[in-house]
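Enquirer: Below you will find the structure I want to go over with you.
Each value in this text was obtained by applying a stated rule to the coordinates, not by laboratory testing. Everything numeric here is computed off the predicted structure, so don't read it as measured data. Please note: Cβ atoms are built from the backbone with ideal geometry, for glycine as well, and neighbour counts cover all protein chains shown.
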Amino acid sequence: MVGFQQQESLSPNQKILAGVVSGTVTRFVTQPLDVVKITTQLTRIKSDKVTSYKVARYIWRKEGPPAFFKGHILGQIHSILFVSTQFYVFEVTTKYCYTHLGDKHKRIQEFCCGLCSGCLSTVAVMPVEVVRVRQMIVRDGRYRGLAGGARAVYRRGGVLAFYEGLGASLLQAHTAEYITECFEDITQEFGIEKNCILSITTDGGANIVAAVSKFLGNNKKRIPCMAHLLNLIVDGALKNNAPFLELANRVKAIVTYFKQSVNAMDELRAEQEKAEKKEGQVLTLIQSVSTRWNSCLDMLERFNTLSTIVAKMLAAKRNAPDMIASSQLNVIRDVITLLSPFKQATEDISGEQYVSASLAIPISNLLQKGLEQGRPSTSIGVAVQKSLLDGVNAKLRPLEQHVLLAKASILDPRFKRIHFNSALAISSAITELTTEIRMEHRRRGQLSPEVRVASESENNSPSPSLWSRHEQILMDIASTSGFTSSTSGGMPAELKQYLDQPLLPRKGDPIKFWTDSRHFTPALSEIALKYLVPPASSVSSERVASAVNLTVPNNRSRLTAEHIKMRVFLLSISEKYWLN
């Protein structure tokens, strides 16, 4: 085990020697691959035909086998120096922390020690790394040998040239690795085995994606946070439209005028009271926040609602900003119509008290169809519509190919297969479900039973705008012979009968459906409950982070980590459990 421990038989020097040997052997084995990788990355021909094999063959024919070991001596020096520094610094710092601080905050101490050792090791080997990389990619002999390469680098930019790219190297030294270690610590603390982890929902940050891949061995179990995807789509569509930004800034200036004027706010309230609005129904203008696109939508919606009163008041004010034209109000109405489904989708996908994984594909399909069928009346509205549709096609359409989300949608009795655009995605998901059902039956030692579960009656209550197209799809299916698919061949009886049943109303509870079906379809129910549980967004974890900020105010700086955990846990418990 790396790092200082009380009961340890190996001395620090023995650990350093072991690290040096492992680094030397690893560098010798991977050096040819490193040369091929860097040569491939720097080739000027950008084509799928440029493969690593062809690059390796080209190097072999052009320069011979020694070319694969260009910079190898520097590579060995790099490995030995890096590993030795890292092992030694980590050993010394962990010993110092244990001696002076104890092991009360062991994880924080180990993280700080690892960060320190990684950064110092990177700084120590950076000059060697700069010369080594130049030896591998420059073929004219300027960087031949350690001394010659060092002189060439120094002549090019002085001492600072040896530390080009140091910032990126320091960041790379600990981000993904540290997150991976946190995953390992959490699973060990709670006794969770990796093979029991079904999915991890994260945003698209490069460090967290790399950490999940490193932790689980691949990214197939990573569910992209749909709330972040929706935010990226809308944020990109609005920020890339200069005419809309100009209009939004004009609206924001009007709102700012009212926010900064007490008299204007009082008059706005008085005008609404004249229209016989009660005190609790009086509205105020909403200011947008640059970091949240939905606040811009809220501002536009409220401004559109109060536009008649606002226009009347601005016309009577001498130093007030000009009211926007009626044609610009039409732009605002177009944008509100386009963005409202995205706001509702974000709210629906961010819930904690209901199934959300199965909502990802239906919401993606409904947003796409809504944008395609939309008819904005202004040129700016058309431009925003196109940008949103491009974003949906680029970021949300691929969710169909995510097997976990596809299985969740198929196993949700409210949706099943009706929101898929790709027959191949349906076939792949059903094939995997078929295999899992048969494995579950073999494990249970029983045959697939028949299904006799009755579906609930359709709920005819009015639907929100986002889901109105879902209701229309159900009506279209009901008016035809039903939803058929060519994927039923070789399908287990319980899965086929489940897919042939009528859809559950959208307000129905899929968890209750499968819980009630356990007696008739024990295998399929078990599998369905497994795939319906994962969240489709990481918003719930962000709420926990916000809860920590609320739990630990500035005047409570002496709270220990254990007390913070207890307070956050108690804060997360529903009120009904407190009252009982």
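Enquirer: Strictly over 24 Å apart at the Cα level, which of Lys259/Lys317; Lys395/Lys565; Lys220/Lys407; Lys214/Lys343; Lys259/Lys386; Lys407/Lys496 would you flag in this model?
Expert: Details: Lys259/Lys317 15 Å; Lys395/Lys565 36 Å; Lys220/Lys407 13 Å; Lys214/Lys343 34 Å; Lys259/Lys386 34 Å; Lys407/Lys496 14 Å.
Violating the 24 Å limit, Cα to Cα: Lys395/Lys565; Lys214/Lys343; Lys259/Lys386.
Enquirer: Quick one: check the C-alpha center-to-center distance for region 172-232 versus region 502-538, whole angstrom.
Expert: 25 Å
Enquirer: If you take the beta carbon distance between Ala315 and Asp185 as r and set R0 to 51 Å, what does 1/(1 + (r/R0)^6) give as a FRET efficiency, to the nearest 0.05?
Expert: The formula returns an efficiency of 0.20 here.
Enquirer: Which aspartates and glutamates have a Cα lying under 16 Å from the Cα of Lys252, excluding residues fewer than 8 positions away in the same chain?
Expert: Straight-line reach from Lys252, under 16 Å: Asp298, Glu301, Asp322.
Enquirer: So, by mean Cβ neighbours within 10 angstrom, what's the order for 55-66, 228-239, 253-264 with the highest one leading?
Expert: With the highest mean Cβ count within 10 Å placed first, the list reads 228-239, 253-264, 55-66.
Enquirer: How much length, in nm to one decimal, is gained on full extension between Val289 and Glu575, taken as 0.36 nm per residue of separation minus their Cα-Cα distance? It would help to have the intermediate numbers written out before the result.
Expert: Details: separation 286, 0.36 × 286 = 102.96 nm, distance 3.14 nm.
That works out to 99.8 nm of additional length.
Enquirer: Using 0.36 nm times the number of residues separating Arg442 and Thr26, minus their current alpha carbon distance, what extension gain do you get?
Expert: Numbers: separation 416, 0.36 × 416 = 149.76 nm, distance 4.39 nm.
Here the answer is 145.4 nm.
Enquirer: List residues of region 497-521, by number, whose backbone nitrogen lies under 20 Å from a label position 7 Å along Cα→C-beta of Arg543.
Expert: Zone members listed by number: 507-512.
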